[in-house]
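Scroll down for the structure; my scribbles are underneath it.
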Amino acid sequence: MKNSQKVFVGNVNKEYPTVDRAEGVHLWDTDGKKYLDCAAGVAVANIGHGVREVLDAIYEQGKRVSYVYGATFTSEARERLAEQIIALAPRNMEKVFFCSGGSEALESVIKIARQYHLESGRPGKYKVISRWQSYHGNTLATLSIGGRPSWREKYDPYMFGMPHITPCNCYRCPHRLSPDSCGYACADELERVIKYEGADTVSAFVLEAITGTTAPAVAPPVGYMKRLREICDKHDVLFCVDEVITGLGRTGKNFAIDHFGVEPDLIAAAKGLGGGYVPIGAVIASRKVVEAFRKGSGNLMHSFTYAGNPVVCAGASAAIKYLTDHRLVEASAAKGEFFLALLREKLGDHPNVGDIRGKGLLIGLEYVRDKESRAPFPADRQIGGRIANHCFEKGLLVVFAVPGSADGILGDATQISPPFTIGEADMREAADILADAVRAVCA
Ligand SMILES: Cc1ncc(COP(=O)(O)O)c(C=O)c1O
């Protein structure tokens, strides 16, 4: 196939459709085809497309001042945004570091955690422990803490040797135990690895509290999270959550960690923070972390040129205002329950739909070759990709989850993560198209 497009992205042999415009939960391409956006891009456009208040705020800020270097000036927009974020975050949070996206946020978590220990007189602590079947970004450091084998293997020579533990997934328990009697064996693995590595070398533990596109919407039991927090406290390891997908209401609470009654030390956010209007990421730092800097050198040795610039902050601030004014976090919780029930009704009995799970409007469907054994499909059937393509043909956008939801290599899933403004009729239409796609592809 000939491709005349000049942008170097994805498949170089493929001609990509050109988007023309978007409004609410719909997009149109330049051929006039209409799409229902049940992906929100990739869990980004949480407040919907084309929100006038956000676009106006960006323009108004740009007219006054569009750029200043963040270490020279602050701006009203940046200070207001930080206050809005702190107001939504767990109560122990004090300050916000801004950057331009999720990978930068996770890079910043690694560096802030390291500096926290230096400031606290523990210079040996630098290792970051994370979990397999997780995603933390696409830069080399964040790929190194990520747990997606297919995305790491090409860059394997560059991977930093960071330790990983098995994830918590009760549908596919890596320890072959059951949640009512397991005693959170998968959380205890963290303590074992800290001891093996040497607690005086481990700086932070990072996890997606509820996982995104590697194993969509897998949520652990509350006790698992509490145990992880205890282990981190015991060994002076910072407990850090990657809320790049889940933050700002995606799972029906402000942050996914709010489901577990646990306060983290650092939170990474991005995607929904800018709502698709501005490229922004953030690290929210707890009082404990900030206090170490205050008592130490006082100086955070880390910044980015575009971090927290006034235009971006004004856009994100308006997006958060829209989110809270329209009670969209509550909407995500209620609509998520409705959508989940609908999908269970349409697809619960399908022999190849093994698990339908979700929290708020982060919903995952996992496909299996055999429902009883939960055996995944062989990779060459490309079930997940073909279901997403089938939906796309029919004008429905869903997120194609990266293969590996079963064991890191095999396992097909779909992530559904629409804007929180989606209506009931849209959810019914989406569920019908998805059910048709599953029936057609799995036949
Ligand atoms: C959980 C998680 N962390 C980090 C990232 C990286 O974010 P970005 O693509 O904005 O760099 C992503 C992106 O999908 C993500 O889902």
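The values are calculated or read from the model by the stated rules, or taken from the named source; none is laboratory data. As the structure is a computational prediction, the values presented were derived from the model and not from experiment. Cβ sites come from the backbone with ideal geometry, for glycine too, and all protein chains shown count toward neighbours.
Table for the structure above
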| read-out | value |
| --- | --- |
| Selected residue [touching a Leu at 6+ places or on another chain (Cβ under 9 Å) and outside the structural domain of Leu365 (by TED's automatic domain parsing)] from Arg192, Arg148, Arg152, Arg176 | Arg152 |
| Residues (crowded, with 16+ Cβ neighbours inside 10 Å and more than 13 Å from Ala270 (Cα to Cα)) located in region 303-314 | Phe304, Tyr306, Asn309, Pro310, Val311, Ala314 |
| Residue match in region 357-380 (condition: out of contact with any Lys or Arg (no Cβ under 9 Å at 6 or more places or on another chain), among the hydrophobic types (A, V, I, L, M, F, W, C) and not assigned by TED's automatic domain parsing to the domain that holds Leu88) | yes |
| Test for Lys127: is it more than 11 Å from the ligand (Cβ to nearest atom), more than 18 Å from the chain's Cα centre (by Cα) and surrounded by fewer than 17 Cβ atoms within 10 Å (Cβ to Cβ) | no |
| Residue in region 306-315 that is part of a loop (DSSP other than H, G, I, E, B), within 16 Å of the ligand (Cβ to nearest atom), in the same structural domain as Gly41 (by TED's automatic domain parsing) and within 24 Å of the chain's Cα centre (by Cα) present | no |
| Pick from region 87-112, criterion within 16 Å of the ligand (Cβ to nearest atom) and of a type in the set (A, V, I, L, M), ranking: farthest from Arg152 (Cα to Cα) | Ile112 |
| Tabulated pairs, region 414-434, first within 12 Å of Lys394 (Cβ to Cβ), second of a type in the set (Gly, Ala, Ser) and not in a helix (DSSP H, G or I), C-beta under 9 angstrom, 6+ apart or interchain | Ile433/Gly395 |
| Residue match in region 37-53 (condition: within 24 Å of Lys335 (Cβ to Cβ), charged (D, E, K, R) and either in contact with an Asp or Glu (Cβ under 6 Å, 6 or more places away or on another chain) or not in a strand (DSSP E or B) (or both)) | yes |
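Let's see how each residue does on (1) in contact with a Pro (Cβ under 9 Å, 6 or more places away or on another chain); (2) within 30 Å of Thr211 (Cβ to Cβ); (3) of a type outside the set (A, V, I, L, M):
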| position | (1), (2), (3) |
| --- | --- |
| Asn3 | no, no, yes |
| Val19 | no, yes, no |
| Glu53 | no, no, yes |
| Ser75 | yes, no, yes |
